[in-house]
Amino acid sequence: MRPFVLAIDGPAGAGKSTTARGVAGRLGFLHVDSGAMYRGVALLALRRGISLADESSLVKMVAGARFTPTPDGMLLDGVSIEDSIRTAEAGESASRVALHPKLRRTLVSIQRSFAQGPGLVMEGRDIGTVVFPDADLKIFISASAEARAERRYLELRAKGANPDRDSIVEAIRERDRRDTERETSPLVRAPDAILLDTTRIGPEEQVALAARWVELARGRPDRGTLVYRFGSGFAQAFARVFLDFHVEGLERIPRKGPLIVACNHISFWDPPLVGSSITRPVAFVAKAELFDNPLFGALIRSYNAIPIHRGPQARTGLRGAEEVLSAGGAVLIFPEGTRNKSGTLMPPRAGVGRLSAATRSPVLPACITGSNQIRRSMLRQVPIRITFGSPVMPPSSGQREEVRAFAQQIMDMIGVLREDQEKRHGRDRRR
């Protein structure tokens, strides 16, 4: 059985190690800090008098070294290096050796060998993009430079040092610049990585959130009913053969784990077109009135549709979607609550925020255009375009104002996706 791999990336001081160790400890996974390997290389080179700029000698040195990850940290040639590499100087040296392409390829090969059952949590700066591009789940942990500097400041003060906050902020920004601008394996968020911003949340919450995503992602994937698989396949074939149909951003959809796809709504064609484009089974949130007809209601239920009530019953109506997400599934929801054939984005209802907060599920914004002119698309006069954005972490609480603000944030992101569509394909919309 293939071991589960969680890839955690992000800049220095954002909380990668805290989250990775916490998740690995909870789930019994192996934890590997890839940065410790680069720090270990720099440490070993300095001890042997090898220049950090001499890539050839560094590669030869690593070929004869033995890295062993343990619950207590990294061993190099059987000896713990944790106490020696957790310094600012070691971090700077590691950043320098990390610039060497051949050395990085050598270490990547070693890192991939650590993927063993039952699972692996690896942290670094290129894990989801280079080391494990097919990881089961990817998380990108970030925080403002100021928040990261404050954590480092308090850490140094606790050790009896008297650091300067401004100098720490500047050092962090310089480290970020070097990591993001290097030619080989730069620090970049993988398209399908879920953003986990730790600026305003504590260690316990970030570990709990990441662990929940992993636990649900480890579940057995739902293939959907026979009716769903047939209908989804038919919708895909119809769109490709008969419509001027385009989909962008599929690489941004997380492969596993709970996911809410939030899309604007301009036509009754939207659910089958958007749903069949998503690269994993998806349940649909639909207004309860559509289920009043027994025959039609039974049909759309078998197509993974979930009825949702409006008004006072809205909260109760989300339970079906909560069950899907709590099993690690994906749900397609239309935040506006109803269709708007004009294509103008309407203010969102709070449901997407409540659902995300209640299930701690990330949200993936999506935008569809042209589906309200299906006949003209069949004549190749109007293109139908679907664009998927990047996954966003859920709101930290279910308080009314926060979930409403979150819902508006998602609609704003959908608006940005539509603006990007217009910029790239404006000539098509002016026909």
DSSP-defined beta bridges in the range 226-429 - what % are antiparallel, rounded to 5
20
Could you sort 169-178, 334-343, 353-362 so that the peptide with the highest average Cβ count within 10 Å comes first and the rest follow in order?
353-362, 334-343, 169-178
When every alpha-carbon pair in the chain is counted, what percent end up more than 43 Å apart?
21
Quick one: among A239, A366, A330, which has the greatest mean-square fluctuation in a GNM of the chain with alpha-carbon springs under 10 angstrom?
A239
Run the simple label-point estimate for R66 and R424 please: 7 Å along Cα→C-beta, distance reported in nm.
5.0
DSSP-assigned coil residues among GluC sites (Glu not before Pro) in the range 36-127, each with at most 12 further Cβ atoms within 10 Å
none
Can you classify the range 73-166 as rounded, prolate or oblate using the Cα gyration tensor, where a ≥ b ≥ c are the square roots of its eigenvalues, rounded means a/c under 1.5, and otherwise it's prolate if a/b beats b/c and oblate if not?
prolate
Report the residues of the range 246-280 in range of a label on R380: point 7 Å along Cα→C-beta, backbone N strictly under 16 Å from it.
246
Could you calculate, for the range 249-375, the ratio of the Cα radius of gyration to the Kirkwood radius, expressed as Rg to Rh?
0.93
Order of F296, F245, F29, F406 under a 10 Å beta carbon neighbour criterion, fewest first
F296, F245, F29, F406
When the Cα centres of the range 143-166 and the range 183-259 are compared, how far apart do they sit, in Å?
35
Exposure-ranked with fewest Cβ neighbours within 10 Å first, T344, T106, T198, T70 stand as T344, T70, T106, T198
With R₀ set to 60 angstrom, the calculated FRET efficiency between the beta-carbons of V79 and L195, to the nearest 0.05, is 0.95
Cα-based Kirkwood hydrodynamic radius, the range 112-224, one decimal, Å
16.4
Among R240, R280, R182, which one shows the highest mean-square fluctuation when the chain is modelled as a Gaussian network with alpha-carbon springs under 10 Å?
R240
May I ask you to order 18-24, 321-327 by the average number of other C-beta atoms within 10 Å around their residues, highest value first?
18-24, 321-327
Per-residue ellipticity at 222 nm for the chain, helices alone: DSSP H runs ≥ 4 residues times -39500 (n - 2.57), over residue total, nearest 500 deg cm²/dmol?
-14000 deg cm²/dmol
I need the shape label for the range 1-158. Rule: rounded when a/c is under 1.5, else prolate if a/b > b/c, else oblate, with a, b, c from the alpha carbon gyration tensor.
oblate
Hey, quick one: spin label on E205, modelled 7 Å out along Cα-Cβ, who in the range 353-379 has an amide N within reach, i.e. under 17 Å?
353-363
Under 10 Å, Cα contacts only: if you run a Gaussian network model on the chain, which one of Y303, Y228, Y153 comes out with the highest mean-square fluctuation?
Y153
Translational D (Stokes-Einstein, µm²/s) of the range 178-298 at 4 °C and 1.567 mPa s when Rh comes from the Kirkwood sum over C-alpha pairs?
73
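Only the coordinates and a few stated rules stand behind these numbers; no lab work does. Predicted, not measured: the structure shown is a model, and the values here were computed from it. Here Cβ is always computed from backbone atoms with ideal geometry, including for glycine, and neighbour counts include all displayed protein chains.
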